[in-house]
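The block underneath contains the structure these notes are about, expressed in structure tokens.
The values are calculated or read from the model by the stated rules, or taken from the named source; none is laboratory data. Note that the structure is a prediction, hence the values are computed from the model and not measured. Heads up, the Cβs are rebuilt from the backbone with ideal geometry, glycines too, and the neighbour counts pull from every protein chain shown.
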Amino acid sequence: MSAGGAAAQGRVERHWVALAVYALVLLAAFALIGFDLTLGIAAGVLNVVFLAFFFRHLAFAVSAARWAEADLEAAGVGLESYAPPVAVLVACKNEELVVDGMVSALLGLDYPGDRLTIVVVDDASEDGTAARLDAWAASDPRLRVLHRAPGAGGGKSGALNDALAGVDAEIVVVFDADHEPARNVLRRLVRHFRDPFVGAVMGRCVVRNGADSSLAGTIFVDYLSGYLVNEYGRQALFELPAYGGANCAVRVSTLRALGGWNPDTVTEDTDLTLRVLLAGGRVRYDPTAVDFEEAVHSTRRFWKQRHRWALGHQKCLRDYWRPVLRSRHLGLVDKIETVMFLWVYHVPVLCGLGLGLTLLRAFGVGGQAVVGLLPLSALLFAGPFAELAVGLVVGRVERRAAWQLVAFLPAFGLSILTATHAYLDGMIGKRLSWAKTARSGSVGTAAEAAPQRPATFARRTAATRPAPKVAA
Amino acid sequence: MSAAVAEGRLVRRIRADRRRPGAIARRRTVLYEIVGAVTWCYGGFLLLVDPARHVEVRLVMLLLTLGGERRVAAPFDDTFLVFGPDGATMLAVLTPSCSALASLLAIGALAVFLLRRRPHALPGLGAAALWVVGANQARLIASLLAGVWYGDGALILFHDWVGALFNFVYTLIGLLILITITMHSAERAEQDRAGRHTANRPDAWARPGLGYRDDGLAAAARPGKYRLISFVHRFLVPAPISRRLGARRERNRVDYRLGHLGPQARANQIAALAAKGLGVHTATLLAVATHETDPVVLDALAAAVAARQWEPVTRPQVTALRLWARAWLMRAPEGSTGDRADGHTVAVTGAGGPAGVAVIRALRAAGHRVLALDASPDAVGLRLASAGEVLPRADEPGYGARLVEIVTTHRPDALVCTVAEEYAALEPLTGTLAGLGCRTWLPDPAASAACLDKVAFAAALHAAGVPHPQTTADPARAAELPGPWIVKPAHGRGSRDVVAVDTAAALAEAMGRVPGAIAQTRLAGREFTADVLVGRDGAMLTCVPRWRDETKAGISVRGTTFDSTAVTSVVAATVRAVGLTGPANVQGFVADAAPLSVNPDAAVTVTVVEVNPRFSGGLPLTLAAGADVVGTYLAGILDPAADLPRLSFDAGVRMARHFSEVYVGADGGAVADPLRLAGTA
């Protein structure tokens, strides 16, 4: 996921009442049944939650271990015969390091030229992004560049909505500026729209700069597990994969009926997933529709990115859990899975709470939980490690990568902190803002891809002829 | 109608069914696995915890005894008697949580229920189990020794706190050992630990998205010279079992063995494997016969099998291989004598035109077998090629069926179209032709249509800002264009019906006479044609401009290649504007050409008149100047993913054309050329 703009003008939500109710319930429990018993019951409830999520992880790992590899090898059916009009939309803000590689990859996409429109939105960039995009647009008529005025608002959602207003296509496919899609990605994404119930299709994102730092290498492994196991499992077992914000396609009629992307959230992707499901549509996931993106490689950037994801995802839970439970388009199992999916960024908060209770118990404070420490360790380690192991094997990564899993121990700790911080920000009403994810452009085709005036192809010798000029 | 409505409702109801039977079936399968895993862990713990504790106590005692430690005894199956530093005794019970069994069962569950598809999980589990049991023994012994040396407080502290942390760490390491051994080795993996693609296979062989292709990455690691598995198979495993396992391994590894190579290298490797004997790498060869799609590779395999018919059939798989090769060779006719052994069979359409003849001669000169196709049985190219067939015109019924019939008979590897008007008829046939092993590379239909329609072409160039003479198809507005004029058909070719007019009256007359006429301002200056090859990604691979010093019937008979940055730039903008890929020739005028003779970077005025999305009649001059556009185009047809080279050329090469003759007797046979020089072919 990427940010496409500056601070959004979203409304500020505060949940002081809910926090006060939680505190009052806790105090009442202390008063009525005692301190130790209250903490013991809380630990028992947490254990049940942890076990439920552990089995969810395990189920995804089992499904991926059984079927994912064969799915990667499965022959594509009808890739050439179905090519509805497609518009590719990209929102950019200050992306001059990566924009050349992205545009180059987009122009190289394998799709009929008369049915493809590429619209790149420059969201009031302050660096050389706009000039680079204009140079590309001048050299290739397939590319349209839309410049937004400073302060246009709405962040990435606003930029995409502006682009959507000017396109005439059946399907829009969204990428982020640091993404370089594989050539066949459009054909693989759009093939699923043959089914009129499909509202959105998600492709698989792969980290391309895992060698940049140990953190980037860890994120590379995390993405393998996230896309080849977790997302795959959601589709295989519940047919409820999530639309992910980049490398994904949406049916324009569905999107317009839903009012476009929601500018009041920082995770417009999860928001759209929920709205598609609640409208009776379906989201599909295609692990063979691949694009390559850049992972952050400093802890500070990682914190900002994950904090934004947690903040937006937690807001989606608050916004949609009631509509999900009331939806007539979702069965009981669907509702349980959807609510668990919405809970995933709350679970690290609960893990932090569980660890706190365990520490208190170690010092003799609090009652004995029903199940004990086992469920927490199962959720924190066994479940994710099962997913990570299957991701590495299905992804056919060389075996030295297994020892990178050690880096997930601090990463789990960091996820507890980011999710807890985001939870508190969300509850006390911190303004949601588009936190721009900084790029490095260290790996990719950006450097070679900048548009160039063609030199001649004649063999020249410096002594007799002027040197060919190659202008940027 | 009502049936269709009912069907629509049924489909909607099935799709709206919230139960989704497919997902239910998959969930059931996964549920069984999870129940199995829980049973494995929980049941295994209940059943085995006591025996495991007893074994661990005995093992600890054995190790302590071997180490000479006599201050620990085991009076019961699960209890140690520890003599402390001050002679005090303590009883230390090895509780279920002290046993390594829980860790072993968890790691075992991961191996059995998640990773069992990889046989490597079994040795991985063995190694992890050894590690976990050994580490827990070390933990227990260290706890007991702490009690022996420092008393019961130290024993409890070490066991409960240090030991608990130690337990977590060794379980994690055990898990990593299992995962490490189960994962793919460096030479079998498709990506390294940073996510860079290492297998370097062509798209057809690669699984999508396994690693980022980084051109700067070194080749994947190679296996060492001495390997344990070789020793095991050679000396420990019975030969029939080893052979069976080897065959299975080869089947699974065929992509590792060959997949990273290009088509020609794959073909060479298969020939090398077959040369060792069909019975040696039979599984690989059979897997290639089963999965390979490239005709070049399959031809090589069939030829290699055919060359070893003397070999005794020691295994039924060799028979299967021979049967396959027989069927393949019966499908594909042999190349004619005189063609290069490793050449391809290439079909060329438009064999009667100058472009077709030039392509045929270029392909024959490169050693390929050429199947010439033309609508006229008298087309000269039919006599210059290895074989020839008459094909209806593209706008006649039966074109497609006849072409498929010809391709089915001759099995060409590629088809080169030199008649732009055929593209529209060929486009729907590409899938069928590919199924017959005949590859094509056609320009985008919209691009070729824009080139063939001079009105649409003018609009495209105008939209892209490429210099182009003012054009109109409206007779009433023709006179408004600056004169003098050129009148020509909007869909004409080969300079047919092209009229140069100087007066308004002649213009009106010509607009009425020429079918589908357009009028353009006639350009002054020096006329040029640029032969262009554009890669599938839109990058221009070469642009060879030449002066049209003299033309006859629209064909350049004298020309000179020249070098110009301005012309190259405008030509590049032109092909980009219409979105062409493949071969093309761009025609235009340079208004003030004189400065180019001294400075190729001179800022001259260039105007493009038209583009033909095919090879030109003046192609031989481009080839003579050093730009092998035909060979490069053929390479791009045969391997769509090929990284085609940028072609350079020599400026100043001149061409003077003359007529040449081919003679055919009454019976259709060749008649000797009476003017041929002695000693020439």
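Quick test for you: out of A:Phe53, A:Phe35, pick the one residue that is under 23 Å from the mean Cα position of the chain (by Cα), away from every other protein chain (no Cβ under 12 Å) and either at pLDDT below 95 or more than 30 Å from A:Gly354 (Cβ to Cβ) (or both). Explain how you work it out, then say what you get.
On the way: A:Phe35 fails: under 23 Å from the mean Cα position of the chain (by Cα).
Answer to the check: A:Phe53.
Among the numbered criteria (1) farther than 14 Å from B:Ile637 by Cβ; (2) in the same structural domain as B:Val359 (by TED's automatic domain parsing); (3) touching a residue at least 12 places away in the same chain (Cβ under 8 Å); (4) under 26 Å from the mean Cα position of the chain (by Cα), which single criterion is violated by B:Ala420?
(4)
For segment B:497-543, give me every one of the strands (runs of 3 or more DSSP E) that falls completely inside it and has 1 or more residues that are under 30 Å from B:Thr565 (Cβ atoms).
Result: B:517-521, B:526-534.
Within the group B:Val557, B:Val630, B:Val586, B:Val608, which residue is on the phi < 0 side of the Ramachandran plot, part of a strand (DSSP E or B), away from chain A (no Cβ under 14 Å) and touching a helix residue (DSSP H, G or I) at 6+ places or on another chain (Cβ under 6 Å)?
B:Val608
When residues of segment A:275-311 are filtered for being closer than 19 Å to A:Arg322 by Cβ and under 14 Å from the mean Cα position of the chain (by Cα), how many remain?
So the answer is 0.
Could you check, for segment A:86-95, whether at least one of its residues is of a type outside the set (Lys, Arg) and either part of a helix (DSSP H, G or I) or within 14 Å of chain B (Cβ to nearest Cβ) (or both)?
The answer is no; no qualifying residue exists.
Given (1) closer than 15 Å to B:Glu610 by Cα; (2) surrounded by fewer than 15 Cβ atoms within 10 Å (Cβ to Cβ), identify the lone condition not met by B:Pro467.
(2)
Would you point out the residue of segment B:598-630, among those that are surrounded by fewer than 17 Cβ atoms within 10 Å (Cβ to Cβ) and small (Gly, Ala, Ser), that is modelled with the highest pLDDT?
Among residues in segment B:598-630 that are surrounded by fewer than 17 Cβ atoms within 10 Å (Cβ to Cβ) and small (Gly, Ala, Ser), the one modelled with the highest pLDDT is B:Ala624.
Can you go through B:Ala420, B:Ala414, B:Ala460 and tell me which one is within 13 Å of chain A (Cβ to nearest Cβ) and on the phi < 0 side of the Ramachandran plot?
B:Ala460
Looking at (1) within 14 Å of chain A (Cβ to nearest Cβ); (2) out of contact with any His (no Cβ under 8 Å at 6 or more places or on another chain); (3) surrounded by fewer than 16 Cβ atoms within 10 Å (Cβ to Cβ), find the lone condition where B:Asp502 falls short.
It is condition (1) that B:Asp502 fails.
Which one is surrounded by the most Cβ atoms within 10 Å (Cβ to Cβ) among residues in segment A:395-412 that are touching a residue at least 24 places away in the same chain (Cβ under 8 Å), part of a helix (DSSP H, G or I) and at the interface with another protein chain (Cβ under 7 Å from one of its Cβ atoms)?
Top of the filtered list is A:Ala401.
Which of the residues spanning segment A:56-80 are at pLDDT 90 or above and charged (D, E, K, R)?
Scanning segment A:56-80 gives A:Arg56, A:Arg66.
Determine, yes or no, whether B:Arg116 is assigned by TED's automatic domain parsing to the domain that holds B:Trp40, surrounded by 14 or more Cβ atoms within 10 Å (Cβ to Cβ) and part of a loop (DSSP other than H, G, I, E, B).
Judged against the criteria, B:Arg116 is a match.
Quick check on my filter: what residues within segment B:153-203 are part of a helix (DSSP H, G or I), surrounded by 16 or more Cβ atoms within 10 Å (Cβ to Cβ) and small (Gly, Ala, Ser)?
If the condition is that a residue be part of a helix (DSSP H, G or I), surrounded by 16 or more Cβ atoms within 10 Å (Cβ to Cβ) and small (Gly, Ala, Ser), then B:Ala154, B:Gly163, B:Gly174 are the ones that fit.
Looking at (1) more than 16 Å from B:Ala624 (Cα to Cα); (2) away from chain A (no Cβ under 14 Å), find the lone condition where B:Thr568 falls short.
(2)
Just checking: which of the helices (runs of 4 or more DSSP H) contained wholly in segment B:1-70 hold 2 or more residues that are in contact with a helix residue (DSSP H, G or I) (Cβ under 8 Å, 6 or more places away or on another chain) and modelled with pLDDT of 90 or more?
B:21-38, B:44-66
So in segment B:559-572, with the set limited to residues that are in contact with a Leu (Cβ under 9 Å, 6 or more places away or on another chain) and surrounded by fewer than 23 Cβ atoms within 10 Å (Cβ to Cβ), which one is nearest to B:Val611 (Cα to Cα)? Can you show your working first?
Taking segment B:559-572 as the starting set, the residues that turn out to be in contact with a Leu (Cβ under 9 Å, 6 or more places away or on another chain) are B:559-564, B:566-567.
Applying the additional criterion that residues be surrounded by fewer than 23 Cβ atoms within 10 Å (Cβ to Cβ) yields B:560, B:566.
On the way: B:Thr560: 19, B:Ala566: 17 Å.
Filtering segment B:559-572 for residues that are in contact with a Leu (Cβ under 9 Å, 6 or more places away or on another chain) and surrounded by fewer than 23 Cβ atoms within 10 Å (Cβ to Cβ), the one nearest to B:Val611 (Cα to Cα) comes out as B:Ala566.
Quick check: is even one residue across segment A:369-389 more than 14 Å from chain B (Cβ to nearest Cβ), at pLDDT below 90 and either surrounded by 17 or more Cβ atoms within 10 Å (Cβ to Cβ) or not in a helix (DSSP H, G or I) (or both)? It would help to see each step written out before you state the result.
So in segment A:369-389, the residues more than 14 Å from chain B (Cβ to nearest Cβ) come out as A:369-370.
Cutting the leftovers down to at pLDDT below 90 gives us A:369-370.
Cutting the leftovers down to either surrounded by 17 or more Cβ atoms within 10 Å (Cβ to Cβ) or not in a helix (DSSP H, G or I) (or both) gives us A:369-370.
Yes, some residue in segment A:369-389 is more than 14 Å from chain B (Cβ to nearest Cβ), at pLDDT below 90 and either surrounded by 17 or more Cβ atoms within 10 Å (Cβ to Cβ) or not in a helix (DSSP H, G or I) (or both).
Only residues that are of a type in the set (D, E, K, R) and over 30 Å from B:Leu155 (Cα atoms): list them for segment B:114-140, please.
Residues satisfying the conditions are B:Arg116, B:Arg117, B:Arg118.
For the subset of segment B:119-141 comprising residues that are part of a helix (DSSP H, G or I) and touching a His at 6+ places or on another chain (Cβ under 9 Å), which member is surrounded by the most Cβ atoms within 10 Å (Cβ to Cβ)?
B:Leu140
Say we look at segment B:21-51 and pick out the residues that are of a type in the set (Ser, Thr, Tyr) and more than 44 Å from the chain's Cα centre (by Cα); which of these is nearest to B:Leu114 (Cα to Cα)?
If we take residues in segment B:21-51 being of a type in the set (Ser, Thr, Tyr) and more than 44 Å from the chain's Cα centre (by Cα), then B:Thr39 is nearest to B:Leu114 (Cα to Cα).
The rows are residues; the columns are (1) at pLDDT 90 or above; (2) more than 10 Å from chain B (Cβ to nearest Cβ); (3) under 17 Å from the mean Cα position of the chain (by Cα).
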residue	(1), (2), (3)
A:Asp178	no, yes, yes
A:Tyr227	yes, no, yes
A:Gln235	yes, no, yes
A:Phe238	yes, no, no
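Every residue in segment A:126-143 that is more than 9 Å from every other protein chain (Cβ to nearest Cβ) and assigned to a loop (DSSP other than H, G, I, E, B), please.
Residues of segment A:126-143 that are more than 9 Å from every other protein chain (Cβ to nearest Cβ), as a first pass: A:126-137, A:143.
Selection gives A:Glu126, A:Asp127, A:Gly128.
So B:Asp531 ticks every box in (1) within 14 Å of another protein chain (Cβ to nearest Cβ); (2) over 30 Å from B:Ile637 (Cα atoms); (3) not hydroxyl-bearing (Ser, Thr, Tyr) but one. Which box is left unticked?
Status for B:Asp531: all satisfied but (2).
Across segment A:251-296, what is the number of residues that are part of a strand (DSSP E or B) and within 11 Å of chain B (Cβ to nearest Cβ)?
Residues meeting the conditions: 9.
Before we move on, is A:Tyr223 crowded, with 24+ Cβ neighbours inside 10 Å, of a type in the set (Ser, Thr, Tyr) and at negative phi?
No, not satisfied.
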